[in-house]
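Working notes, structure below.
The values are calculated or read from the model by the stated rules, or taken from the named source; none is laboratory data. Just so we're clear, the structure is a prediction, and the values are computed from it rather than from any experiment. Positions of Cβ are generated from backbone atoms using ideal geometry, with glycine treated the same way; all protein chains shown enter the neighbour counts. Surface areas here come from the heavy atoms of the whole protein model, side chains and all, with no ligands, DNA or RNA. Shrake-Rupley method; radii C 1.70, N 1.55, O 1.52, S 1.80 Å.
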Amino acid sequence: MNDPRVIVALDFSRAADALNLADRLAPQVCRLKVGKELFTAAGPQLVEKLMLKGFDIFLDLKYHDIPNTVANACKAAASLGVWMMNVHALGGRKMLMAAREAIPSGSTKLIAVTLLTSMDQDDLADIGLQGQPEEIVERLARLADDCALDGVVCSALETAHLRQLVGDHFILVTPGIRLAGGQADDQKRITTPRQAIQNGSSYLVIGRPITQADDPFLICQRLSEEIS
Ligand code: C5P
């Protein structure tokens, strides 16, 4: 079965830009990520249009609320037929379990965000979270696994360690990917696609190196070959 490892981040504010890029890509070489900006602007109709073009969609809305609210939001997202969606592991065990119950295993993949990579140790102390970010990430990944979620989003630098703690089935989705020799943009800790896959990543989230390329399809195709 065709299982592209590249997930292109559609970081646009207008549906037309997202659809235009989708027309320059193909479901054989990538999946697509719709996040808060695009979903807030363009809504479920856009998700449906992208799916009609044959793409699997990762709906990246990072739900974090009381268990009942998150469970209902998860049901609504899954009913769109998206391939994967996510919640915040910091919502805690009850919320994660409610989300899992709302989306039966084997349908839409349900993963958790552990810690946002934008948070350093001072930010964590600010909100009363003690310990090193890596320890907290590990704890939250174990919690997600414990609650039978399908995986987590993690930095490529955490991937190798997390892969040792969880089974092969557990999905590790990794942003912060840059092509060898490409520019870093605002990403601080970057990894090449090949390194990320070697470290145990299941899927790579890639935005600007593809969305701003002259030929996005060609980049995706090269990436698929590089990591296959
Ligand atoms: O353009 P670029 O490849 O940097 O885009 C990366 C995508 O992954 C963006 O949609 C960004 O919001 C997302 N992301 C990230 N770091 C995280 C979680 C998500 O870069 N820790």
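Checking each residue in the stretch 15-34 for being within 16 Å of the ligand (Cβ to nearest atom) and out of contact with any Lys or Arg (no Cβ under 7 Å at 6 or more places or on another chain) picks out 17, 18, 21, 25, 30, 31, 32, 33, 34.
Residues of the stretch 41-79 that are within 12 Å of residue 103 (Cβ to Cβ) and out of contact with any Ser or Thr (no Cβ under 6 Å at 6 or more places or on another chain): 59, 63, 70, 71, 72, 73, 74, 75, 76, 77, 79.
Taken over the stretch 121-147, the criterion of being open to solvent by less than 80 Å² (accessible area, probe 1.4 Å), modelled with pLDDT under 95 and acidic (Asp, Glu) is satisfied by 123 alone. Scan the stretch 156-175 and report the pairs whose first residue is touching a residue at least 60 places away in the same chain (Cβ under 8 Å) and whose second residue is in a helix (DSSP H, G or I), with Cβ atoms within less than 9 Å and a gap of 6+ or a chain change. Once the first residue is touching a residue at least 60 places away in the same chain (Cβ under 8 Å) and sits in the stretch 156-175, its partners that are in a helix (DSSP H, G or I) give 175/156.
The residue list 32, 25, 46, 38 contains one member that is more than 18 Å from the chain's Cα centre (by Cα), within 14 Å of residue 207 (Cα to Cα) and open to solvent by less than 20 Å² (accessible area, probe 1.4 Å), which is 25.
The set of residues in the stretch 183-217 that are within 10 Å of the ligand (Cβ to nearest atom) and either touching a residue at least 24 places away in the same chain (Cβ under 8 Å) or part of a helix (DSSP H, G or I) (or both) comprises 189, 190, 204, 205, 206, 207, 208, 209, 210, 211.
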